[in-house]
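The values are calculated or read from the model by the stated rules, or taken from the named source; none is laboratory data. Since we're looking at a predicted model, the values are computed, not measured. Every residue, glycine among them, receives a Cβ derived from its backbone with ideal geometry; neighbour counts consider all protein chains shown.
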Amino acid sequence: MKTHSLYPLMFRPQYRDYIWGGDAIATRYNRANTPRPCAESWEICGLPGHESIVTNGPFEGVDLGKLTQTFGRDLIGTKAPDPERFPLLIKILDVHSRLSVQVHPDAEAAKVIGGNPKHEMWYVLDAAPNAMLWAGLRPNADLTNLAETSLVSHVTHPGEVYDIPPGLVHCIGPGNLLYEVQQSSDTTLRVHDWGRGRPTQPEAARVAIRTELQTMALPPPATKRDLRPRLSTPIFDFATLNLSRSRTLHTTGQSFMILFCAEGKTTLEHDGPHPLTLMPGDSVLVPARQTIVLHPFAPTKLLITSL
């Protein structure tokens, strides 16, 4: 497979029809093959058994796990903790009814209760009037009986960013369309699920909960061309870029770059023979040590994630 050079990669989305989903992913991004309801679209994933499949260029049909094992740090960069494991999972979430009250473990808690640590963040793509999420515990919250009233509430607005570190109890309310960046983990501990009959893990959750953690909405940057990180975590960096003219971007040997087109339309030129066109809802993985040139057709907003 190394007979071909690396190039910017696009992938087939993987859909999840959880009970709290809606139809915003299908309608907003013109995706006719989504289930009803569609709660999540896994845009880029290297989890074993759920690896994303390439849809463009010589590696079409190859999964991300195979590519990572073959190219290692040439694909994901030197900052990745494991050269043969893709470190992030990128999702779109359409919340039509509220999620469970839940928490994800950090590395210390995962050693005790099992699973994998999970740090995540949310970018608000869209929010209905008075849409809300809950994150962080109120003073003197009862850990044996957590519900919305035990958590700090936030009214959501498009363009906001929320950092959700492991150990932070959280819940997303209806009317939110979110872009999620997270560690490559599928470990979720439900504390309360509104009587919907799904299993909960309250005892394990209490091991994972870090009562001191809080979060706040990070508003959009003041300058429209700002590419400085909106959020820097120990796992990943997240930035936004508003394109009104052509722009050249470089990845270093330290990290890949993931671009998501939130608004607008742009071409992406690279060293390969076939430029890409990014429309709203499109994701692309730019390997380490690459140069790309973006030519917007209209004002375009890109969400950019790296290690």
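Conditions (1) among the aromatic types (Phe, Trp, Tyr); (2) within 15 Å of VAL54 (Cβ to Cβ); (3) modelled with pLDDT under 95, marked per residue:
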{"position": "ALA262", "(1), (2), (3)": "no, no, no"}
{"position": "LYS265", "(1), (2), (3)": "no, no, no"}
{"position": "GLY272", "(1), (2), (3)": "no, yes, yes"}
{"position": "MET279", "(1), (2), (3)": "no, no, no"}
{"position": "SER283", "(1), (2), (3)": "no, yes, no"}
{"position": "VAL293", "(1), (2), (3)": "no, no, no"}
{"position": "PHE297", "(1), (2), (3)": "yes, no, no"}
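Of the residues GLU84, GLU120, which is among the charged types (D, E, K, R), surrounded by fewer than 19 Cβ atoms within 10 Å (Cβ to Cβ) and modelled with pLDDT of 95 or more? Step through it out loud before you land on a result.
Details: GLU120 fails: surrounded by fewer than 19 Cβ atoms within 10 Å (Cβ to Cβ).
Only one candidate passes the filter, namely GLU84.
Inclusion of ALA222 among residues that are surrounded by fewer than 16 Cβ atoms within 10 Å (Cβ to Cβ) and either under 20 Å from THR55 (Cβ atoms) or not polar (S, T, N, Q) (or both) is warranted.
Can you tell which of VAL293, VAL207 is farther than 30 Å from LEU151 by Cα and either more than 16 Å from the chain's Cα centre (by Cα) or surrounded by 19 or more Cβ atoms within 10 Å (Cβ to Cβ) (or both)? Reasoning before the result, please.
Working: VAL207 fails: farther than 30 Å from LEU151 by Cα.
Selected residue: VAL293, the only one of VAL293, VAL207 that is farther than 30 Å from LEU151 by Cα and either more than 16 Å from the chain's Cα centre (by Cα) or surrounded by 19 or more Cβ atoms within 10 Å (Cβ to Cβ) (or both).
If the condition is being surrounded by fewer than 17 Cβ atoms within 10 Å (Cβ to Cβ) and within 20 Å of the chain's Cα centre (by Cα), then segment 156-201 contributes HIS157, PRO158, PRO174, ASP186, THR188.
Any chance segment 145-165 includes a residue that's under 21 Å from PRO234 (Cβ atoms) and in contact with a Phe, Trp or Tyr (Cβ under 6 Å, 6 or more places away or on another chain)? Please lay out each step first, then the result.
Narrowing segment 145-165 to residues under 21 Å from PRO234 (Cβ atoms): 161-165.
Narrowing further to those that are in contact with a Phe, Trp or Tyr (Cβ under 6 Å, 6 or more places away or on another chain): 161-162.
Yes: segment 145-165 contains one or more residues that are under 21 Å from PRO234 (Cβ atoms) and in contact with a Phe, Trp or Tyr (Cβ under 6 Å, 6 or more places away or on another chain).
Those strands (runs of 3 or more DSSP E) of segment 248-307 in which 1 or more residues are in contact with a Lys or Arg (Cβ under 7 Å, 6 or more places away or on another chain) and at positive phi occupy 257-269.
From the residues in segment 270-290 that are of a type in the set (S, T, N, Q) and surrounded by fewer than 22 Cβ atoms within 10 Å (Cβ to Cβ), which one is nearest to THR252 (Cα to Cα)? Please lay out each step first, then the result.
Initial filter on segment 270-290 (of a type in the set (S, T, N, Q)): 277, 283, 290.
Subsequent filtering for residues that are surrounded by fewer than 22 Cβ atoms within 10 Å (Cβ to Cβ) retains 277, 290.
On the way: THR277: 23, GLN290: 7 Å.
Result: GLN290.
Checking the conditions here, which among LEU99, LEU67 is in contact with a His (Cβ under 9 Å, 6 or more places away or on another chain), surrounded by 20 or more Cβ atoms within 10 Å (Cβ to Cβ) and modelled with pLDDT of 95 or more? Working first, answer last.
Details: LEU67 fails: in contact with a His (Cβ under 9 Å, 6 or more places away or on another chain).
Every option except LEU99 fails the conditions.
Take the conditions over 16 Å from PRO174 (Cα atoms) and modelled with pLDDT of 95 or more and apply them to LEU137. Does it pass? The answer is yes for LEU137.
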